[in-house]
Every structure is written in C-alpha cells, then in structure tokens.
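Asks: Pasting a structure here, questions to come.
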Amino acid sequence: MKPVSENPSAAAQSPPWTGPVATSERAVPLDLPGFLTRERHRIHLVGVAGSGMSGIAALLIELGHTVSGSDKVGTLETDRLRRLGLRFSEQHRPEAADGADLIVFSSAIKSDNPILVSARNGGKPTARRAEALAAIMRHKHGVLIAGMHGKTTTSAMTALVLREGGLHPSHYVGAEIPILGTNAHWDSRGEYFVAEGDESDGTIALFRPEHTLILNIEEEHLDFYADLAAIEKVFAQLITQTTGKVFYNIDDKNAAQVGRSLTRGISYGFNDNADYRALDIRLRNFGSTFRVSHRAKELGEAVLNVPGQHNVHNALGVIALASELGVGFEKIARSLATFEHARRRFEIKYDSPRFLLVDDYGHHPTEIRATLGTARFIGRKRVLTMFQPHRYSRTKALRTEFGRAFDDADRVVVTDVYPSNEAPIPGVTGQMIVDEIAAHGHRGASYEARLERLHRVVGNMLESGDLVLSLGAGNIHEQLSALAADLVIAEKLKQIVGEDGEIRLYEPLSKHTTLRVGGPAQFWVEPRSENTFAELIRFCRDEHLPLFVMGRGSNLLIRDGGIRGVVIHPCGGDFDKVEINGAEITAGVGAKLKEVAYAGKAAGIGGLEWMEGIPGAVGGSLRMNAGAMGAQTFENVVRVRYLDASGEAHTKKRDELEVYYRNFPLLEKNFAVSAVFCGKPAPVEEIVRKLEASQHKRRTSQPAAKSAGCIFKNPDSCPAGKLIDELGLKNSRVGKARVSEVHGNFIVNDGGATATEMLELIQNIRATAFARRGIELETEVQIVGEPG
Ligand code: EPU
C-alpha cells in the first residue's frame, strides 16, 4: 500500500483527490473531498487518540460518517468521541476496520501496523491525516495557519475571532482549546474553515487554501527536511496553491523573505513597513496591551490576556486576517480580549503568592527562549525549569541551539527524550542537552533520567517566590501536575506550621538518617510546638494522608522509594527543651538522649550515663525503648506526654505503661511529645566516670562510620554481634553496604549505599544465621517506606 501521496511535491503536481489513488495492489478511484464532504461512508482512523487525529474523527462524525478508530490507549478525548458515536478499539486489530471504506492514519503510525497491512493486502484506500484534512477543507474557504511556532494559539484565536464576528467558521486545531469547546468543529452554516497546518512532514503542501497566514519559518523537523531551503520550498509551494491572500509576519526574516514579493501579500508586525502594525506595546505579567494601525490609519487598542511578545505577533496576524475578511476592529479586539490559552500554552497550573507553576508545550529552542523570556518577565524570584526533549532527531540536530536556549532559567532539570514515533539514536539522551547547556556556561543544569522522579527533584529545590516551568511536547506536564497537587497540600501544611515551622517537598531522607540511606519524604514537616503537632495530626486524619513521625533517624532504615504522605520531624521550640526540676529531667522528643545524660551530670543525677551512648533523640528512644550498657530507657522514665490519633494530649505515669524489650507499643498509634526522666542523686565524679566508661565502650566496640546502630535484636542464646562475628560475616558486603569490621551487629554505609543493598545484606545475614545456627535474627532497626 502506498499512501495517497508520498511526498508533497508529487502531491502538488497531481492533487491526490482528483485522480485515482495509487496503491501497490491496484488503483482505487477516489475523489477525496467529495467522498469526505458530500457522501456518507464508513471510515476507520488508525491512531485516533492523537491530538490531531481526534480532531479529524470529530469532523468526520459531524459530517455524518460512521467512524471507528483504534489506538493503543484510550484517552479522555476518545471517551468524548465515543459519546459522539466513535466506535473505539483499544488495539490495532484489522477486524476493527473490516467494514471501512477508507482508512485514515496518523503520521505516528508505522507501515507495519496490522490495520494498514490488512488494508494494503485488501487494496483498501488509505489517506494520511493531512490529506483527509486538506480534502475536508476544500469544501469551504480554507484559512490555513502555518509556521513553526504559535500555530495552535493563532488558529484558535482566528477561529474565535471569526466566530465572534458572526462568520460561523469550522475549525481544526492541534490541541484542546477550552474557549472553543473542542479541537475541531464542522459548522455547516459558515463559509470558512480555519485549520492549523502541520509542516513537520511536508504534508502542508497538500493544502489549497483560500488564505494562508505564515507566522514564522525556521529550521525545524530536520528528521524530514534536509535544510532550511527545503522548508522554504514547501512554504513557497503552499503560497502558489493559496488562491487568496497571504498574511506574513514581517519581523520574521524567513517569513518576510517568502511574503515580500507577493502582490497579494499582507504583512503584519512591529516594523514601520508592516501593513498591520502594533505600536506602543506594553507587556504585562499575563498579557499585553498595544495599539494597532492599518497602513497610516489607527484602528484602536487591543488587549491580550495571554502573555509574551510572541502572542502580540500572533494576535496581529489574526487582526490582519479578520480585518481583511470584513470583521470590524472593535469586534476583533473584544474577542481577542476574551481569548484564553490553549492547553499547554503557558498554562497556569498553580498560582499562589509563594509559587507559580506553568506548563508549556515549547520544544524547539526558539519556543523555549520565548517562553522562558515570558517566565522571566513575570518577575518571580527564580525560574526553575523541567525539560523533556522531544524526538531523538530534533535533540541531536539542534543540540547546540538547545544549549543556548535556557539562559533565562535559574535551574534546568532535563529528563530523557520523549521518542514520539522514533527509535532511539545511540548516545542521544537528556544528558546531551545538559552537557550543551553546561558547555554554554550555564551552571544550573542537571539530568534526571527517570521522568517520574522529575517533580520530586524540582519540588525539593523550591523556595518561596519560585516560578516552575515544565517544557516539552511529550508527557512532562504530568510531572508538573503532580507537583501542583502536592503543592496544594504543602501550602496547607505551611499554614499550619506558620512562619516558625518548616515544610519541604520530597526532602531526601538520607539527609536525616544516621545511615545516610532513604528516599524522599513526600511532605517533610517540622512543627515547633505541641499545638502545631496536634493540628498536623488532625489534618492528616481529615485528608487521609499517611503520617510518620521521625526523630534523628538513628535507628531507621528507609527504603529507596521514600515515605508517602507526611513525615513529621518535631524539632526546635518546645521539642528541643531539656529542663531540670529537682531530681527530674523533662525533655522534649526532639532533644538528643545524650543531652539528658549531660543534664543529669549538671544536676548531680546519676543512672542516666548510659544515654550518652545512644545517638538518637528522646522520641526515638521512647518508641524503641532503646538501651545500652545493660540499661534501657523506661528504667528512667517517670511520665510520658503524648498526643493521640485525634491530636488530644495525655500524660501517663510509668506504672500505667506497657513496655517490652526494644518496644513501647503505645507509640504505634500515638505520638510522644515529651518525657520526664529520673535517676538517683550521685556525686559528679561518679557520673563523670560512668559517662567516660560509656564513651570508652562505644568508641572501642562500635564503628564510627555511618550506621543505624545495632541492626538485630539480641537473640536469647547469644548477642547478635557475637553471632555474626562467629559466622565470619564481618566485612561481607552488598554494594556499598558492609558488615562493620568493628562490631558484627552494625552495617555501615561506605558511601552512597542504597536501602536495597542494605536489605539484601540483612537478608544474607539472616539466612546464614538460620542455616548454620538455626537462629532467627529479628531486626531491631525499623524498616519503613516504599521500594525504590
Ligand atoms: N561481640 C563480638 N563480636 C562483635 C560484637 C560483639 O564478639 O563483633 C561480643 C562482645 O565482645 C560482647 C557481646 O558480643 O561480649 C555483646 O556486645 P556489646 O557489648 O557490644 O553489646 P551488644 O549487645 O552488641 C548492646 C546494644 C547496643 C549498645 C551496647 C552497649 C542491643 C541490640 N544492642 O549491644 O545498642 O550500644 O549494648 O551497651 O541491645 C543499639 O541499640 O542500636 C545499640 C547499638
């Protein structure tokens, strides 16, 4: 099977719908415009979920055809089309297209697609998306919007302005346009058809519009075109096929080049010589105001509610076109002022005094520069950008230009290439762009290969006042949406903790564990008072957010996927206080256990010296009933104050509490706030001696390297450290996780170890202990979080 036409120049010589359709099997006579607009048929669309194809489906349904479509995945758009009558199959099976008289296929569909193969074998006619569109358009006065950047916005603006001008235009634009209702619509009442022409594969030369609007011409789509000259040739051909006027942007060198010599050319721009000219341009944060003149005549003022200078150009093209079609300037200006952005064109996803999140489809260096210029102009403190390159061929061809496109961004995080329909090119990854940005002298670029992690990387950089921009034509916007959803919660948490407290998104927990291992916390929250802590507990309960409380992370092994929900780290304020009242010491859960020992020394209270050897905070030692030197926490506890699952505060005395070896079950569902400790009056020299003994024991028998303390509980039969030592497992390792040579019950992080490595090593030890000694080692260290 051969598509109706394989290349644009062939199409120009012999328009596809006027003659027989060539297939490798046989010729099928088909007058495509008549077939699509005057007759009723059964038509199948391959790749119907694509933004361009779904528009064709909508038009064909409105034209009265029986339409079926297939795609590898359904979308909201295919759901909407189903409600209009599309028969959708979520798989490309030939049977789905059995009864079809014509197959229309997306340019993303490969020639070995089963439906296309079956059509080829059956000699069934096929047409490319652009051919179908061009044919439908022939039924009306076509208005084609062409150019490398701004097509969707400008074609949507045109459709809106003509609609408000009472012309009942039909339209086809390449994205969902909320203000237009749908991305495509057939209005039998009107004469005009406004369409966005896609130049990426040369099919733009299939169109024979009445009017053409050329926004800009630049080197792009070098997977298809040899060079700029080849692109210009296609545009020149489009112009010869345009029967009416050609509107062109005089400020774009290449567009001006092709438009200048035309007698039916109408120019627009900022240049003195433009037929339609913008003057006195005032850019605002999310829009602009400018005056418009036609030759020497002042038309009036236009207000735009879409940002950036490039949109002034786009609107000016629309003003020129609509004016020439007879719409009065006042009407044009009124509808332009109501124009809202197409989805993914500087779309504001989140806006608060602290943060602004914007998504944009920009994927060519020129678009990226323009969008970043707009973002910078808005005047937030910093611009953080996440970028997903689109197509290997473009990434490779324009790598140097990409390197220079991010000057207006403070930070750029680049992920891997969105392939579209391309096979990978070896060596072409997001890293290539990062290298180019760095080579250009920008110091803020980094690479994150895994797309699903991008929102976390950028989210963790966030500071109040930042603007975050997601850029790319693939699926990067989903990452910005994920960030926006989390920011909504983060901002509520911020309100609860107030100025004093701290909230961070996706905080790496490896920074907060003594083992230096652990993925991120979705929400890291530091309250400074008991009331705030209580309010946080209630908030998490009401919002169904998982809650985890973490102290100094000395006895924790957090998995590499981090912790979902809210991680509360009570520290500072009330939580760090250590107060001596006679023979009692009251300490907040954020205080180090060591400090209790030293407070004891200061007050002449003995029996707390062992606490010197515990690296954790009071909260953790309560939770675990931590111990050392033969003593354990609850031997010294008098009272515990805690918050219950509703945030209510309670104080319980020691004899009311159930406590076990390395376990205090009350804190499984409740949250300690403070504890009162007691010891026995003792001479300071004796306390000092015991403190030194503890220090000596720790320094001589335990490693100084990064660890989580003892990994296993001591089994009854033998201390775990001794057992592991006897099993000869010291220094055994998995990656950077290693059993300490100093003490067998410690696993140390030799630098950059992962939780996965730690867990594997733990498993190895347990398996060996069981196999060789029949002992089931139980972990003392708390293991939490999601797998990486
Ligand atoms: N031993 C070996 N080889 C080793 C390690 C230890 O033969 O590699 C022997 C020691 O010589 C000693 C016995 O095993 O005879 C017990 O060792 P240690 O005195 O170091 O005490 P432990 O039971 O291993 C406990 C706590 C530690 C605390 C120390 C010091 C547990 C699970 N561990 O260790 O607590 O610091 O006593 O008092 O109860 C922790 O909980 O995270 C922790 C480190």
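Nothing in this text is a laboratory measurement; each read-out follows from the coordinates by a stated rule. Bear in mind the structure is a predicted one, so any value in this text is a computation, not a measurement. Backbone-built Cβ (ideal geometry, glycine too); neighbour counts: all protein chains shown.
Asks: Please rank I503, I217, fewest neighbouring Cβ atoms within 10 Å first, as an exposure proxy.
Replies: Fewest-to-most Cβ neighbours within 10 Å comes out as I503, I217.
Asks: Put +1 on the Cβ of each Lys and Arg and -1 on the Cβ of each Asp and Glu in the range 682-788; which of N731, C710, A771 then has its Cα farthest toward the positive end of the dipole?
Replies: N731
Asks: For the Cα atoms of the chain, what angle does the longest principal axis make with the long axis of helix 51-62, in degrees from 0 to 90, nearest 10?
Replies: 50 degrees
Asks: So, one more: As I understand it, the value is the acute angle between the Cα axis of helix 430-439 and the longest principal axis of the Cα atoms of the chain; what does it come to in degrees, rounded to 10?
Replies: 90 degrees
Asks: May I ask you to sort I537, I747 by Cβ crowding, counting other Cβ atoms within 10 Å and putting the fewest first?
Replies: Ordered by Cβ neighbours within 10 Å, fewest first: I537, I747.
Asks: Going highest first, how would you order 662-668, 379-385, 55-61 by mean Cβ packing within 10 Å?
Replies: The packing order, highest mean first, is 55-61, 379-385, 662-668.
Asks: Moving to a separate point now. How would you rank 332-340, 303-311, 522-530, highest first, on the average number of other Cβ atoms within 10 Å across their residues?
Replies: Ranking the peptides 332-340, 303-311, 522-530 by packing returns 522-530, 303-311, 332-340.
Asks: Which Cα, out of T395, A370, P353, lies furthest along the positive dipole direction of the range 348-410 (beta carbon charges, K/R +1, D/E -1)?
Replies: T395
Asks: With +1 on each Lys and Arg Cβ and -1 on each Asp and Glu Cβ, how big is the dipole of the range 526-673 about its Cα centre, in debye rounded to the nearest 20?
Replies: 240 debye
Asks: Considering only the other residues whose Cβ falls under 13 Å of the Cβ of R698, what net charge follows from Lys and Arg at +1 and Asp and Glu at -1?
Replies: So the surrounding residues net to +1.
Asks: In addition: Past 24 Å, Cα to Cα, is the threshold; run K151/K245; K592/K697; K653/K706; K697/K730; K140/K245 against it and keep the listed order.
Replies: Listed pairs above 24 Å: K653/K706.
Asks: If packing is taken as the mean number of other Cβ atoms within 10 Å per residue, what is the order of 670-678, 155-163, highest first?
Replies: Per-residue mean Cβ counts within 10 Å order the peptides as 155-163, 670-678.
Asks: With unit charges on the beta carbon (Lys/Arg positive, Asp/Glu negative), name the residue among H294, H310, N271 whose Cα is farthest towards the positive pole of the charge dipole of the range 239-322.
Replies: Sorting the options by dipole projection puts first H294.
Asks: Taking loop as defined by DSSP and a crowding limit of 16 other beta carbons within 10 Å, which trypsin sites (Lys or Arg not before Pro) in the range 421-477 fit?
Replies: Taking the range 421-477 and a limit of 16 other Cβ atoms within 10 Å, the loop trypsin sites (Lys or Arg not before Pro) found are R443, R450.
Asks: A follow-up question, please. Dipole of the range 57-153, Cα-centred, from +1 at each Lys and Arg C-beta and -1 at each Asp and Glu C-beta, to the nearest 20 debye?
Replies: 240 debye
Asks: Calculate the dipole size of the chain relative to its Cα centre from +1 charges on Lys and Arg beta carbons and -1 charges on Asp and Glu beta carbons; express the result in debye to the nearest 20.
Replies: Here the size comes out at about 460 debye.
Asks: Report the dimensions of the range 46-105 along its three principal axes from the alpha-carbon atoms, largest first, rounded to Å.
Replies: The principal-axis extents, from largest down, are 24, 23, 18 Å.
Asks: Here is a further query. In percent, how large is the relative contact order of the chain, given Cα pairs closer than 8 Å and 6 or more residues apart?
Replies: Rounded, it is 7 percent for the chain.
Asks: With N residues in the chain, what two-decimal value do you get for its Cα radius of gyration over 2.2 N^0.38 Å?
Replies: Against the compact-globule rule of thumb, the ratio is 1.24.
Asks: Let me ask something additional. If you restrict to DSSP beta bridges whose two residues both lie in the chain, what percentage is antiparallel, to the nearest 5?
Replies: 50 percent
Asks: Hey, another quick one. What does the charge add up to near R93, with Lys and Arg as +1, Asp and Glu as -1, over the other residues with Cβ less than 12 Å from its Cβ?
Replies: Value of the local net charge: -3.
Asks: Looking at the square roots a ≥ b ≥ c of the eigenvalues of the Cα gyration tensor of the range 154-212, which shape do they give, rounded for a/c under 1.5, prolate if a/b is larger than b/c, or oblate?
Replies: Judged from the Cα gyration tensor, the range 154-212 comes out oblate (a/c at least 1.5, b/c at or above a/b).
Asks: Please compare each pair in K492/K601; K492/K577; K72/K233; K494/K669 to a cut-off of 31 Å on the Cα-Cα distance and tell me which ones are over it.
Replies: Those over the limit are K492/K601; K72/K233.
Asks: Could you tell me how many degrees, from 0 to 90 and to the nearest 10, lie between the Cα long axis of helix 684-701 and the main elongation axis, the longest principal axis, of the Cα atoms of the chain?
Replies: Once rounded, the angle reads 50 degrees.
Asks: So what's the back-of-envelope 222 nm ellipticity for the chain, counting only DSSP H runs of four-plus at -39500 (n - 2.57) apiece and dividing by all residues, rounded to 500?
Replies: -9500 deg cm²/dmol
Asks: Arrange the following residues from fewest to most other Cβ atoms within 10 Å of their Cβ: S701, S54, S621, S68.
Replies: Ordered from fewest to most neighbouring Cβ atoms within 10 Å, S701, S54, S621, S68 come out as S701, S68, S54, S621.
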